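Below: the structure, in C-alpha cells.
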Amino acid sequence: MDAPSSREPLVVFDRVRKVYPTGAVGLDDVSVAIYPGEFVAIVGLSGAGKTTFLRAINRLIEISSGEIFFAGRSVTRATPAELRRMRRDIGMVFQNFNLVKRLTVLQNVLAGRVGYHPTWRVLLGLFPKEDVAIAMKALERVHLADKAYVRADQLSGGQQQRVAVARALAQEPRLILADEPVASLDPVTAEVIMDDLRRINRELGITVLVNLHFVDLARRYADRILGLRAGKVVFDGPVSEATDEVFEFIYGRPLTREDMRTGEVAARG
Amino acid sequence: MDAPSSREPLVVFDRVRKVYPTGAVGLDDVSVAIYPGEFVAIVGLSGAGKTTFLRAINRLIEISSGEIFFAGRSVTRATPAELRRMRRDIGMVFQNFNLVKRLTVLQNVLAGRVGYHPTWRVLLGLFPKEDVAIAMKALERVHLADKAYVRADQLSGGQQQRVAVARALAQEPRLILADEPVASLDPVTAEVIMDDLRRINRELGITVLVNLHFVDLARRYADRILGLRAGKVVFDGPVSEATDEVFEFIYGRPLTREDMRTGEVAARG
Amino acid sequence: MADPARRFRGTLSAFPFPPEEGTARLRNAALFVVLFGLAAYAAADTQVSVSALVQGFPYMGRLFVAFFSPDFADIARYVPALVETIQMAVAGTLIGSLLALGYAFLAARNFVSRRGTLWATRGFMNLVRTIPDLLFAALFVAVFGIGALSGILALVFFSFGIVAKLTSETIEAADMGPAEALYAAGATPTVTAAYAVLPQILPQYLSYVLYVFEINIRVSTVLGLVGAGGIGVPLKAALNLLQYDRASAILLLVFVAVLLIEWTSQYLRRRLTEGEPPAVSSRPLEVLRRFRTPLAFLGVAAALAWSFWGIDLNTKGFSVGLHMAGRIFSGIFHPEWSYVPELLVALWESVEIAYLGTLLAAVLALPFGFWAARNVAPAPLAAGTKVFLSAVRTFPELMLAIVFMVGVGPGAYAGILAVGVHSVGMLAKLYGEAVEAMDMGPAEALRAAGADGLGVFRWAIFPQVLPELLSYAIYRFEINMRAATVVGVVGAGGIGAPLLFALQSHVWPRVGIILLGIVVLVSLTDALSGAIRRRLV
Amino acid sequence: ACGGQGSSNKVDKLVVGFVPSQEAENLQAKAKPLADLLSQKLGVPVEVFVGTDYNGVIEAMGAKKVDIGFLNPVGYVVAKDKGYADVILIAERKGQKTYRSQFVVLKDSPIQKLEDLKGKKIAWVDPNSTSGYIYPAAMLKEKGIDPEKDVQGTFAGGHDKAIMALLRGDVDAAVSFDDARSIVAKSDPSVMEKTRILAYSPDIPNDTISVRSSLPQEWKDKIKQAFLDIAKDEQGKKVIKEIYSHDGYAEGKDSDFDVVRSTMKLMDIKLK
Ligand SMILES: Nc1ncnc2c1ncn2[C@@H]1O[C@H](COP(=O)(O)OP(=O)(O)OP(=O)(O)O)[C@@H](O)[C@H]1O
Ligand SMILES: Nc1ncnc2c1ncn2[C@@H]1O[C@H](COP(=O)(O)OP(=O)(O)OP(=O)(O)O)[C@@H](O)[C@H]1O
Ligand SMILES: [Mg+2]
Ligand SMILES: [Mg+2]
C-alpha cells in the first residue's frame, strides 16, 4: 500500500454535523479524509453514528452543517443531476441486501448500471450488450455467474448479499460503502462476503468503507479503523494500533462475547 | 438421568417408511424408540429425512407403511379427535418460528392452549385465567414475561423463537419437537434457544427431539444422537459415542467447517 | 417425573393484565358496541326481518326458475354487442389503469414527501373515485356526444379511480430498501419507481387491473347510458320486458367471456410474474427475455389498437359540447342549498343501507372467501367456489334488486339484501386472495398444537388476514354508499335515485349539492375507517 | 302489502309504486301527500315508494308486494300480459289522455319529411321506450323505411341525450317525447331556436294507474274512486299535478292499449 498521504483524498468530511429532527446527534464535528485504495472499517456502539457517516457520503441523508467532498467535488452542494453522477461512482451494500426479489439475479445486477443510461432506455429494459457483459463479469467475481437467471428470492441470504456486492461492482464505482453487510448472515457466509470485499479492494483497487459491529471482523479485514462514539471520531488509525484497549475505549466498556462475531465458542476455543 | 430402558418408551417407530408422491424416500424402514426425559438430536445431511422423521410423529405428514406410537397409542391409526388430543401433548418449534406476527406475544403463547378448549370458546377467544397464568409462566421460562403485551413482529428473531418455545411449553406437552430451531439465528442467539430447550428438558422432564444441522450444537446439548442417511437410521447412541468418525459416517464425507455452527474461526481458535 | 405437566402447573401465579392493555380492551369493546349498536338501530329502522324473507321465497324461486332457462335465439345479435363491450372495456381499462399506475406513485407517501403536493394528488384521486359514474356519463355525453368515446372515457375515469387508490396503497406498503439501493446507484426517481418498486407491486397491480376489467365488462349499463351500445342495451331491454330467458342467455355469454378472459390472464400473469424458466440458452428465448419489457409495451399498444378498431369516435360537435359542459359546470358549482335537508335524509338512508348491506356481505363472504382459497380449501372446492363467486358477480344488481323486491317488498330491506348479496361476489374473491397470500406457517403450528379447523382459523388465519379483510370491507362500503342503481330500483331511498332524477332532468344545481354531499360523506368515511383500522389492526 | 299470501281478500295496507318519468324531478318529496290523501279516502295505511325502473314494480305486483303502480304504457302491457296488473285509470295532462312522440331536426336541416331520413343518422332513446323508439320507429316502418337497417340508429340512453346528440351535430335527427327539449333547455337555452319538429307520432296513451290483478274487485273499484275523488278536490289536484303534472284521471280499459300492442308487434317486440 502506498502511503495515503501521497495522494488526493477520495472522500473528505469537513467539520460535518448531523442533528436529526428529533434532536439526536448523528455526527458531531467530523473531519476525516479517506484515500483511494483504502479498506476502512467504521466501528462503534449501536447509535454511535456509523450509518449516518456512510449515508452522508452519498447524501442519502442531508447533513446539518459542514461539507463533504467526493473526488474533489462537493457532495453537499451538488445539483440533483450532479449528485446522481456521483452516486454512480459510489456503490452501496446494505445489511438487508435490498434486492428486488422478483427480478432475476442478472436484472438486479444490471440495476447497478441504471445511472449510465437515459431514463426511457432503462424503462424499456434495453441495456446494451456491454452492460450485460459487465454485470456477468461482476457476478463472476462473486462466483454467482451460474445463478444469473435465477430469481433473487430463490437464493440464500449469503448469495443475495453477494448479488448486492455484484450490483455495486457493476456500477464500476470508485468507492464501495457497506453498512453492516454481514450482520444478518451466519459466520461462515459472513466471511465469504468479507473475502469478496477484500478481493475487490485488492484486485480492483476500489476503496471500501464498511460499518462493522464485530471487532474480530474489523481487525481481520480492514487496513484502517475509524472509531465513532456519540457521533465523534474517537479513534482513527491503522488496524495494528487498534488494540483491545482501543476498542474498549471506542465502546466505552470492556469487550464482551457479543462483540465477537463468533461469540462464546471462539472465547472458549 | 435414569437408564431409558427401565421405562416405557414415549415414541415408537415400528418399521416406518415414507415415500413421497415424487418417489423421494423420506424414511426407510425406521424402527426406533424414544424414552421419556431424553434430549435427542437428529442429525444428517440435507435431505436425509430429519424433517420427515419429526413431522411423522405428530402426523403432519402421513407415513406410507409401518406404525408410530405416542405414549403407547397408535398415532397412525388415531381418529382426527384422538390425533388432536395427542398433538396437544406434543409441542412443536419451527425453524421459521411460525408466529402470528400481528398478535401479541401473550396471544401467540395462548394459542398453544387451543387444544384444551371447546371450539366455541376458542372462537370467542375466551381463555380461562389459568391459561393466561400458564402462558405467562411459559414466557417467564424463556425470560420474555416483560414482552407479553408486545406484538410479535416487534421482537428480534431470537426473541420470536423463544416465544415459539413458550407456545410449545404452554401446551404443557410431554414431548417437544424442534425442526432446526436455530438454523435462522445467529450463533449467540442460537445458544440462548438451545439453553432454553435444555433447561426445559432438565427441569420439567419434557422429552426433546431436535433436528440439528450443526455437529457442535448436537454434541453440546443432546444426550443421544440419531444419525439419518437417506431415510435410514445409521447411528443411534449416546453423545459420548458420536465421535468425528461417526459424524463423517453419517454425513458420508469428512466434516467441513460448514458443519460447525461457528465455522472456520472455532477451528482456528 | 411421572407427569411433568403437573409439576409445571404447581408453580402457577396469576398475572393481571397491565393497565394499558385494559384500556385498549375497553376501547375495542366500546368500538364494537358502537358498530353493533349502529347495525341494530339501522336494522330496526329499515325493518329488517327474517320471516319476511322466508315468506318471500316462493316468489323469488319463481323468478329464479324463469331465469334458469336461457333462450339463445337471439345470440347472433348478442355476440357483436359483447365484442363491442369488451373492446370498450379493454380501452377504458388499459388507459385508465396505465394512467393510474403513474399517478399512484405521485399519490404515495413514500414517493412524494411534500405534503402540499400529496394533499393535492390524493385529493384529486379521491374525488375521481367519489364522482358517480352517472355524472361522468352525463358530462361526457355533453362534451363528446353519445357513443363509444364517451363510454370509454367514463370507463377510463372509473378504472383510474379504483386502480390508482389500490395501487398507491400497495406502493406505500412496498419494501423501500431496493428503492434506496437504486437511488444510491444514481438512479432518477422515475427509474427507481420502475425498477425497484414496480416489480414488487406488479402482481397486485395486475390483479387490480383484471378486477376492474371484469367490472367494466359487467357494468355495461353505464355504456348504455351514454349511448355507447354494447351488451348492456339488449340486457336492459330483456329485463325491462321481464324476458328473463333472454337476459340469462346474455349473462351466460358474459359469464363465459369473463371466465375465459380471467383464466387466460391468470395464465399470462403467472408467466409474467413468476420465476424465469431455468437458464436455457436457446437463442429465441434469450431474445424474448431480453426484450420482455418492450414486448409487453407492444402488447399493450396492440390491445389498445384493437380496442379502438372500428369504433366511431365522433368529435364533431365539440364546441357545442363544451358550451353545454360550461353551463353544466356552472350549475354544479351553484349548489341548490335549499335541498340540504332532503339531502341529509337521503344520505342517511344511503349510509344505513350500505352499512347493513356491507356488513351482511362481509360476514357472508367469510366462508366463501376461505372456501375459495387454494391454500386452505381442497382444490376442487376452491376452484368451484371461485367459479360460483364469478357467477354471483355476473348476476346483475338490477336483477337482484327485482328478486328481493319480490321477496320482501319494495324498500330499504330489499336494497340491503341486494347490496349485500351482490357485494359477496367481490368481497369473497378478495378475501380468498388475501388468504392465499398468507403465511401458512402459523396455521401449521396451530394444527401441530392440536387445534381443530376452526381453532386454526381463529388463531392463525383470521388474525393474519384481518387488516386486509377490513380494508376490503370498508372499501366496499364506500362503493355501496355511492351505488345508485340497485337501491334506486327497489325504491329504497338513498341518494342514488335523487341523483339519477336530477341528472335526467338536467337540474345541475341539485346535482352539485348531491355531489358535494357524497364527497363529504365519502371523505368522512375515509377518515373514520382509517381510525377504525388503526385501532383494530 | 296485503295480509300475506293466501288471504288475498283481506287488505289492511296498500303500497303504491311510482316509476319516474323524465318530467318528474323531485318525485320522492311529493309522493307523500298523495299517500296521505289516499289513506284518508281508503281508511287503510298507504305506503309509497319511488323506484328508478318499472320492472321491479311489475314483478312486485305479481308477488302481491305492491298494490298500485303508476305504469307507463309498455310497462302496463308487459304487466297485463303476465297477468300481474289491470289498468283502472289513465292519466290526463292538459285534458288529454294521450301524448305524442316527436322527430326533431336542426332548424336548417335539409330534412323536410320522414322519407328524407332514409340513410341518415338517428338518435333513439332506448329499445323499450314507447315514445323514444317503438312509436317513431313504427312510423318509419310504415313509410317503408326499416328502422333497423335503412337508418343509422343509436340508442342514446335518454330523451335528453338524444336531443343533445342532435344539437352537437352528431346525428341528423332525434326522437323524444313531446317535448323533451324543455329539459335540454336547462343546459342549452338555445335549443328551441336551433331545432324544429319534423313530425309527431300518433297519440300514445298516457301513463296508467294500474292495480295488481289479485286485488279483490271491490278494492279495485274503491281505489279507482279514490283517485277520481282526489283529482276533483282542490288540494288533491295540486298534489297530483306536482307529482307527474297530471291534471286528472280518465277511466281506462285494457283495450285502450291495443294500439300500443299492435305497434310493439309491428316492431317485433314479443311478449310472452
Ligand atoms: N432517522 C432518524 N431520525 C432520528 N434520529 C436518528 C435517525 N437515524 C439515526 N438517528 C439517531 O442518530 C444517532 C446515530 O445513529 P446511526 O444509525 O448512525 O448509528 P449506528 O452507529 O449506525 O447504529 P447501529 O449500530 O445501531 O446501526 C442515534 O442516536 C440514532 O438514534
Ligand atoms: N413434500 C415433499 N414432496 C416430495 N419429496 C419430499 C417432500 N419433502 C421432503 N421430500 C424429500 O424427502 C427426503 C427427505 O426430506 P427431509 O425434508 O425429511 O430432509 P431433511 O433431513 O429435513 O433435510 P434438510 O436438512 O434439508 O431440512 C428428501 O429427499 C426430500 O427431497
Ligand atoms: Mg447503523
Ligand atoms: Mg428439514
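The values are calculated or read from the model by the stated rules, or taken from the named source; none is laboratory data. A quick note: this is a predicted structure, and the numbers were derived from the prediction, not measured. Here the Cβ is made from the backbone with ideal geometry for all residues, glycine too, and neighbour counts use every protein chain on show. Keep in mind that these areas ignore ligands, DNA and RNA; they rest on the heavy atoms of the full protein, side chains included. Shrake-Rupley method; radii C 1.70, N 1.55, O 1.52, S 1.80 Å.
Restricting attention to the range A:173-187, report how many residues are away from ligand 2 (no atom under 16 Å from the Cβ) and either under 17 Å from B:Leu185 (Cα atoms) or not in a strand (DSSP E or B) (or both).
Residues in the range A:173-187 being away from ligand 2 (no atom under 16 Å from the Cβ) and either under 17 Å from B:Leu185 (Cα atoms) or not in a strand (DSSP E or B) (or both): 9 in total.
For the range A:103-149, how many residues are hydrophobic (A, V, I, L, M, F, W, C), open to solvent by 10 Å² or more (accessible area, probe 1.4 Å) and not in a helix (DSSP H, G or I)?
Looking only at that region, the number is 4.
Scanning for something more than 16 Å from ligand 1 (Cβ to nearest atom), more than 14 Å from chain C (Cβ to nearest Cβ) and touching a strand residue (DSSP E or B) at 6+ places or on another chain (Cβ under 6 Å), does the range B:54-61 turn up at least one residue?
no
If I go through the range B:53-63 residue by residue, how many of them are open to solvent by 10 Å² or more (accessible area, probe 1.4 Å) and within 14 Å of ligand 2 (Cβ to nearest atom)?
Qualifying residue count for the region: 5.
Please specify each residue of the range B:66-80 satisfying the condition of being in a loop (DSSP other than H, G, I, E, B), of a type in the set (A, V, I, L, M, F, W, C) and either away from every other protein chain (no Cβ under 14 Å) or closer than 30 Å to B:Arg220 by Cα (or both).
The one that is in a loop (DSSP other than H, G, I, E, B), of a type in the set (A, V, I, L, M, F, W, C) and either away from every other protein chain (no Cβ under 14 Å) or closer than 30 Å to B:Arg220 by Cα (or both): B:Ala71.
Given the criteria touching an Asp or Glu at 6+ places or on another chain (Cβ under 7 Å), in the same structural domain as C:Val191 (by the TED database) and open to solvent by 30 Å² or more (accessible area, probe 1.4 Å), does C:Arg122 qualify?
no
For the range D:180-194, give me each residue that is at the interface with chain C (Cβ under 10 Å from one of its Cβ atoms) and open to solvent by 20 Å² or more (accessible area, probe 1.4 Å).
D:Ser182, D:Ala185, D:Lys186, D:Pro189, D:Ser190, D:Lys194
When you scan the range C:285-404 for helices (runs of 4 or more DSSP H) that lie fully inside it, which ones turn up with 2 or more residues that are modelled with pLDDT under 90 and within 14 Å of chain D (Cβ to nearest Cβ)?
C:318-332, C:340-371
Could you tell me whether the range C:494-503 includes any residue that is more than 30 Å from D:Ala63 (Cα to Cα), assigned by the TED database to the domain that holds C:Phe404 and out of contact with any strand residue (DSSP E or B) (no Cβ under 6 Å at 6 or more places or on another chain)?
Yes, the range C:494-503 has at least one match.
Counting only residues that are open to solvent by 20 Å² or more (accessible area, probe 1.4 Å) and away from chain A (no Cβ under 14 Å), how many does the range C:203-219 have?
Count: 8.
Return yes or no: is A:Thr52 assigned by TED's automatic domain parsing to the domain that holds A:Asn201 and closer than 22 Å to A:Gly91 by Cα?
Here the answer is yes, as A:Thr52 does meet what is asked.
In the range B:31-65, which residues are part of a loop (DSSP other than H, G, I, E, B) and of a type in the set (D, E, K, R)?
B:Glu38, B:Arg59, B:Glu62
Is it the case that some residue within the range A:194-212 is touching a His at 6+ places or on another chain (Cβ under 8 Å) and in the same structural domain as A:Lys50 (by TED's automatic domain parsing)?
no
Conditions: (1) near ligand 1 (Cβ under 8 Å from one of its atoms); (2) without any contact (Cβ under 8 Å) to a residue 24 or more places away in the chain; (3) open to solvent by less than 10 Å² (accessible area, probe 1.4 Å). A:Val75 meets all but one. Number of the miss?
Condition (1) is where A:Val75 drops out.
Taking into account only those residues within the range B:195-210 that are out of contact with any strand residue (DSSP E or B) (no Cβ under 8 Å at 6 or more places or on another chain) and away from chain C (no Cβ under 12 Å), which is farthest from ligand 2 (Cβ to nearest atom)?
The selected residue is B:Arg199.
Within the range A:223-246, count every residue that is part of a loop (DSSP other than H, G, I, E, B), surrounded by fewer than 21 Cβ atoms within 10 Å (Cβ to Cβ) and in contact (Cβ under 8 Å) with a residue 60 or more places away in the chain.
2
D:Gly75 fails exactly one of the following numbered conditions: (1) part of a helix (DSSP H, G or I); (2) surrounded by fewer than 24 Cβ atoms within 10 Å (Cβ to Cβ). What is the number of that condition?
That leaves (2) as the condition not met.
Residue-wise test of (1) open to solvent by 10 Å² or more (accessible area, probe 1.4 Å); (2) in contact with a Pro (Cβ under 7 Å, 6 or more places away or on another chain); (3) not β-branched (Val, Ile, Thr).
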site	(1), (2), (3)
D:Glu234	yes, no, yes
D:Lys241	yes, no, yes
D:His246	no, no, yes
D:Glu251	yes, no, yes
D:Asp254	yes, no, yes
D:Phe257	no, yes, yes
D:Arg261	yes, no, yes
D:Leu266	yes, no, yes
D:Ile269	yes, no, no
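Out of the residues in the range D:184-199 that are among the small types (Gly, Ala, Ser) and touching a helix residue (DSSP H, G or I) at 6+ places or on another chain (Cβ under 8 Å), which is modelled with the highest pLDDT?
In this case the residue turns out to be D:Ala199.
Quick grid of which residues meet (1) among the basic types (Lys, Arg); (2) in contact with a Lys or Arg (Cβ under 7 Å, 6 or more places away or on another chain); (3) within 14 Å of chain C (Cβ to nearest Cβ):
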| site | (1), (2), (3) |
| --- | --- |
| A:Val150 | no, no, yes |
| A:Leu155 | no, yes, yes |
| A:Glu172 | no, no, yes |
| A:Leu175 | no, no, yes |
| A:Ala178 | no, no, yes |
| A:Ser184 | no, no, yes |
| A:Thr189 | no, no, no |
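Any residue at all in the range A:17-40 that is closer than 29 Å to A:Arg141 by Cα, away from chain C (no Cβ under 14 Å) and either among the polar types (S, T, N, Q) or within 16 Å of ligand 3 (Cβ to nearest atom) (or both)?
yes
Assess whether A:Leu209 counts as being assigned to a helix (DSSP H, G or I) and over 10 Å from A:Val43 (Cα atoms).
no
How many of the residues making up the range A:86-102 are assigned to a loop (DSSP other than H, G, I, E, B), in contact (Cβ under 8 Å) with a residue 60 or more places away in the chain and within 7 Å of chain C (Cβ to nearest Cβ)?
So the count comes out to 4.
Going by what's in this entry, would A:Leu83 be described as without any contact (Cβ under 8 Å) to a residue 40 or more places away in the chain, more than 16 Å from ligand 4 (Cβ to nearest atom), in a helix (DSSP H, G or I) and not acidic (Asp, Glu)?
yes
Let's see how each residue does on (1) of a type in the set (S, T, N, Q); (2) open to solvent by 20 Å² or more (accessible area, probe 1.4 Å):
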| residue | (1), (2) |
| --- | --- |
| B:Val43 | no, no |
| B:Ser65 | yes, yes |
| B:Ala71 | no, yes |
| B:Pro80 | no, yes |
| B:Arg85 | no, yes |
| B:Ile90 | no, no |
| B:Phe94 | no, no |
| B:Leu99 | no, no |
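Those residues that are at the interface with chain C (Cβ under 8 Å from one of its Cβ atoms) and either in contact with a Gly (Cβ under 7 Å, 6 or more places away or on another chain) or of a type outside the set (Asp, Glu) (or both), I need them from the range B:117-132; list them, please.
Across the range B:117-132, the qualifying residues are B:Thr119, B:Val122, B:Leu123, B:Gly125, B:Lys129, B:Val132.
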